[in-house]
Every structure is written in C-alpha cells, then in structure tokens.
Amino acid sequence: MRIALASDHAAFALKAELAQWLADIGHDVSDLGPDSAASVDYPDFGYRLARHIAAGKAERGIALCGSGIGISIAVNRHPTARCALVSEPLSARLAREHNDANVLALGARLTGIDMAKACIEAFLATAFAGDRHLRRVEKLSNPAIDRDLP
C-alpha cells in the first residue's frame, strides 16, 4: 500500500521510526516531512499530507504531532480528507469501517511506538463497510450540502 506520513517537530522521531517499520513490512512510504526535529508548524505538514492523499499519491496517510489534535484538524480542512485521531486499535478499526478514514492521526507525546503500530495495523487492515455508512461519509466530503435540520 502507498502510505504517506507527515508530522511536526514533536513527532519527528516517531514518524521516522514508523516510516522505517512500514517500509520494512513492504509498504511504499512517502515521508512528507519535516526532515529534522527543528521547530515547524503542524498546519503546513497537515495540509501537505491532505493534498498528497487528495491527489491520489497515497492511499492512506499518517499524521503525527505532539498530541495528534492540531495536525488532525489541519488535515480535516481538506474536503476529501477524513482524518481520525485515535489512541487505540479499536478506534482505528472503526475509523476505517464506519468513516472510511483515509488518514490516521496519532499523538507522539501520548502514544508509544507499540501502540502506534497496533493502531496502524488495525487502520491498514480494515475495509470500509459502506452500506448505511456511505451516505454519511458522502456528506463529510461535500461541504456544499445544505444541512438544515428540522
């Protein structure tokens, strides 16, 4: 699978370790930066990852920052990105199964390497269930839909 990773400085070390692990198990990995632990702004890398996914350059993305919160918000600004911030494998599986998430966000200061790998494994191994979830996911990707509720 083609997988792109992006982080901020707080998650640089975790990103490097995950990128190597993913390549070692046979994935085609794109590291979208940063290239060092020097201070950077997570929105820049979140936007870069979202554009990479939207352009079809990768099938899945992994977004990392200190908490995972900021970069997940940045990724989700793109209408075709569905980024889920998770901290354990069940949420990662459900993000794919119910929400067709195409990007997984993790917090480097909150998630150890073994848990990060378990979340990624669940994320990559799970297919979107479609069916009743498809209508909801389509609404996420179409901001032009008027959503006035009764």
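Give, as a single signed number, the net charge of other residues whose beta carbon lies under 11 Å from the beta carbon of Gly66, with Lys and Arg counted +1 and Asp and Glu -1.
Details: positive: Arg109; negative: Asp8.
Net charge in that neighbourhood comes out at 0.
Give the cross-link partners of Lys57 among the lysines, using a straight C-alpha distance below 20 Å as the criterion and excluding same-chain residues fewer than 8 apart.
Those lysines meeting the cut-off are Lys15.
What does the charge count near Asn99 come to, summing +1 for each Lys or Arg and -1 for each Asp or Glu among other residues with Cβ under 10 Å from its Cβ? Please list the in-between numbers first.
Values: positive: Arg82, Arg96, Arg136; negative: Glu97, Asp100.
Cβ neighbours under 10 Å give a net charge of +1.
Spelling out what I want: for every residue of the range 98-109, take phi, set θ = phi - 60°, compute 6.51 cos²θ - 1.76 cosθ + 1.60 (Karplus), and round to whole Hz; glycine and proline get x.
9, 10, 6, 4, 10, 9, 10, 10, 9, x, 5, 7
Using the Cα centre of the range 48-110 as the reference point, and only Cβ charges (+1 on K/R, -1 on D/E), how large is the resulting charge dipole? Debye, rounded to the nearest 20.
Values: 9 positive and 4 negative charges, 50 e Å.
The dipole magnitude comes to about 240 debye.
Tell me which of Thr80, Leu22, Gly33 sits at the most positive position along the dipole axis of the chain, charges placed on C-beta atoms (Lys, Arg +1; Asp, Glu -1).
The residue sitting most towards the positive pole is Thr80.
Report the label-to-label distance for Ala127 and Ala55 in nanometres (one decimal), using points 7 Å from each Cα along the Cα→Cβ vector.
Each label point lies 7 Å from its Cα, and together they span 3.0 nm.
Hey, what do the phi angles of the range 52-63 turn into as Karplus ³J(HN,Hα) couplings, whole Hz, using 6.51/-1.76/1.60 and θ = phi - 60°, x for Gly and Pro?
4, 5, 4, 7, x, 7, 8, 7, 9, x, 10, 10
Taking 2.2 N^0.38 Å as the expected size of a compact globular protein, what ratio does the Cα radius of gyration of the range 58-116 give against it, to two decimals?
Details: Rg = 10.6 Å, N = 59, 2.2 N^0.38 = 10.4 Å.
Cα Rg divided by the expected 2.2 N^0.38 Å: 1.02.
How do Thr126, Thr111 rank when sorted from fewest to most other Cβ atoms within 10 Å of their own Cβ? The partial results should precede the final answer.
Numbers: Thr126 17, Thr111 21.
Fewest to most other Cβ atoms nearby, the residues stand as Thr126, Thr111.
I'd like the per residue volume of the convex hull spanned by the Cα atoms of the chain, given in cubic angstrom. It would help to have the intermediate numbers written out before the result.
Numbers: hull volume 16.5 nm³, N = 150.
About 110 Å³ per residue, rounded to a whole number.
At what distance in nm do the modelled label points of Ser39 and Arg135 sit from each other, each positioned 7 Å from its Cα along Cα→Cβ?
Going by the 7 Å Cα→Cβ label model, 4.9 nm.
How large is the dipole of the range 2-140 about the Cα centre if only Lys and Arg carry +1 and Asp and Glu carry -1, each at its Cβ, rounded to the nearest 20 debye? Intermediate values should be presented prior to the final figure.
On the way: 16 positive and 16 negative charges, 115 e Å.
In debye, rounded to 20, the range 2-140 gives about 560.
Just tell me the longest site-free run in the chain, where the sites are trypsin sites (Lys or Arg not before Pro) in a DSSP loop having at most 16 other beta-carbon atoms within 10 Å. Don't jump to the answer; show the numbers that get you there.
Numbers: sites that count: Lys57, Arg77, Arg109, Arg147.
After excluding every exposed loop site, the longest remaining stretch is 1-56.
With +1 on the Cβ of every Lys and Arg and -1 on the Cβ of every Asp and Glu, and nothing else charged, how large is the dipole of the range 84-140 about its Cα centre, in debye rounded to the nearest 20? Mind showing how you got there, number by number?
Values: 8 positive and 7 negative charges, 38 e Å.
Taking the Cα centre of the range 84-140 as origin, the dipole is about 180 debye.
How much length would be gained if the chain were fully extended between Asp114 and Ser87, taking 0.36 nm per residue of separation minus their Cα-Cα distance, in nm to one decimal?
On the way: separation 27, 0.36 × 27 = 9.72 nm, distance 1.13 nm.
Roughly 8.6 nm would be gained on extension.
Bear in mind that the values in this text are calculations on the coordinates, not laboratory data. Just so it is clear, the model here is predicted, and its values are computed rather than measured. With ideal geometry, Cβ positions are generated from the backbone for all residues, glycine too; neighbour counts draw on all protein chains shown.
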